[in-house]
Amino acid sequence: MMESSPSRVSRIPELVSFICRFATPHTRGSLLRVSRSYFNITAPIVWESVRGVHNLLRLIPGVSIDPPNDLYFQYKAPNTITIALPPVLNLDRFNSYAPYVQKLEIYTSNGDSIFYDQITLSNWTLLSKHSQRYTLLPNLSQLTLTSPCGRADETELFIWAMTFMSPGLTTLRVSPDTSVCQHLSLSFASTLARHAKSTCPNLHTLSLVSSGVERTRTWSSKSTQLSSAFAIWEPSYYQCISTMPLRELCCGAGILLPSNICLVGQLACLERLELYCRSESLNQSPAQLGPEFLPLLNELSLVAMYWSDITSVLEMDIYSRVKSLSIRILGLDQEVELSDDESSIDLEPIVLYTPALIKLQIDFGGSFAPRDAAALQVLDALSLQDLTLVNVSLSHGALEKLPLIFPLAHTIRIPQCELNLEDLQCFSQSSELVHLAVDLSILPPGSRSPLQPSSGSQVASKFRTLEINALSTTTMMVDLSPLARYLLSIWPNLQQVVQTSNSYWPYEGYVDFEGNDIITNALNALISAYRTISNLSK
């Protein structure tokens, strides 16, 4: 008897995993119904990561969810979902799937305009009481409670965290917003950290950004009541996290204040530190600490509204072993006017306090971008191998200097910096460059042909990957063969052209992913064909 296609596919775990991970939620559900054996193979893959707690609670018979499905959001796009649990919980079906769940995102965005920012849960005490006696998700290793637009209040965050925390949890991310202006209250952070410490002994990644001081303003009356209730305990947020076996920590820069800095030294296993900085966070003289402080710290990420806050954190002088530094300046309100001193940047502290740096990423936020390559010249003292500059606009002359300032860089990313075809030649002389990511403006049909590099130019023999966000994609889809030949004339060993990652382009509609996909596929086919012809002619 001929073996069925599902049976043949099920014998290739890698293929099953690929199909399940990239299928739509509806298709995943259909796959589970193919056969019992196929269900047993695909269920652990389909349910390994759950985005949206409502998709998990649907497993409980009698649960009511309003709106009933994600399709509604394609047209209405509200930010609140209501989940009503039945008066009596039957968790038999829930428990059959629960062991498969390893990652859970309470809030989620499922498309261009589909997001659940607030969740109203009726009869939640039934689920909460059950979770106090039994672990709902026994194999859960990662729990994320970051609401997309920051409207979830602390009561809601606390309920979800307490309900789904499990002894096997290794990663906990809790944040009301990605904005530096909306931190969690210290009392809330203290209570949640204390509970995580007692419940999750193997927790090694924690993202819990506290203001460092008690807030006088809260988001809602419920949040006010919660903070008041927590106030009966002495806040011990920093004491709690200092005794955890953390390898990654995201918190407020208040942890570096003199009253807390000694506790940071107890995090001997810390490898990655992300700090949200505010002007009032470090208003005291920094403590002078030696290089033995945080001996394993390898990655540092700083988020702030002003460059001066970044400088204050770097001047703590505890980052001599840091190899990777990420700096993100949040975009200021357009009505905020900066003086010349406030808008200027000084990159020298990066060189002074992170001398071992090999990877640097800076998002200038639009208000602090350097005006020319001279501001970047100070960074030539570092042996940078990976460089990313976001929200910066560089002239052709500045682009020519980049390979000279960073001669060891194998990866250079300058997203949101528009380059034309002539600008690409600035990177033809970098002997170490392997990967370049840019916004690329292509000549439309009918314009003059792309320029050829001069015959005397040095060849970047190690270059392999060009990552692009092609601008005006609709004007390109005629004949891309001249562009493919032009790219090969600059980088003879070019292997692939890939479309940009969305991580550097946060605004919807900025990147035409469908158009870029067509263009990159066509270019790769042409490059492969030209290389084959070249090899045959030798």
Restricting to segment 192-222, and then to whatever is touching a Pro at 6+ places or on another chain (Cβ under 9 Å) and at pLDDT below 65, can you tell me which residue is nearest to Leu302 (Cα to Cα)? Glu214
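Scanning for something surrounded by 14 or more Cβ atoms within 10 Å (Cβ to Cβ), at pLDDT 90 or above and either in a loop (DSSP other than H, G, I, E, B) or not assigned by TED's automatic domain parsing to the domain that holds Leu526 (or both), does segment 468-479 turn up at least one residue?
no
Being among the charged types (D, E, K, R), modelled with pLDDT of 90 or more and assigned to a strand (DSSP E or B), is that true of even one residue in segment 400-423? Talk me through it step by step, then tell me what you get.
First pass over segment 400-423, keeping only residues among the charged types (D, E, K, R): 400-401, 413, 418, 422-423.
Within this subset, residues satisfying the condition of being modelled with pLDDT of 90 or more are 400-401, 413, 423.
In the following step, the residues that additionally are assigned to a strand (DSSP E or B) were identified as 413.
Looking through segment 400-423, at least one residue is among the charged types (D, E, K, R), modelled with pLDDT of 90 or more and assigned to a strand (DSSP E or B).
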Could you list all residues from segment 511-538 that are at pLDDT 85 or above, surrounded by fewer than 17 Cβ atoms within 10 Å (Cβ to Cβ), over 11 Å from Val498 (Cα atoms) and of a type outside the set (Val, Ile, Thr)? Ala525, Ser528, Ala529, Tyr530, Arg531
Regarding segment 83-101, can at least one residue be identified that is touching an Asp or Glu at 6+ places or on another chain (Cβ under 7 Å) and at pLDDT below 90? no
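The values are calculated or read from the model by the stated rules, or taken from the named source; none is laboratory data. Predicted model, so just to flag it, every value in this text is computed and none were measured. Cβ coordinates were reconstructed from backbone atoms using ideal geometry, including for glycine residues, and neighbour counts include every protein chain displayed.
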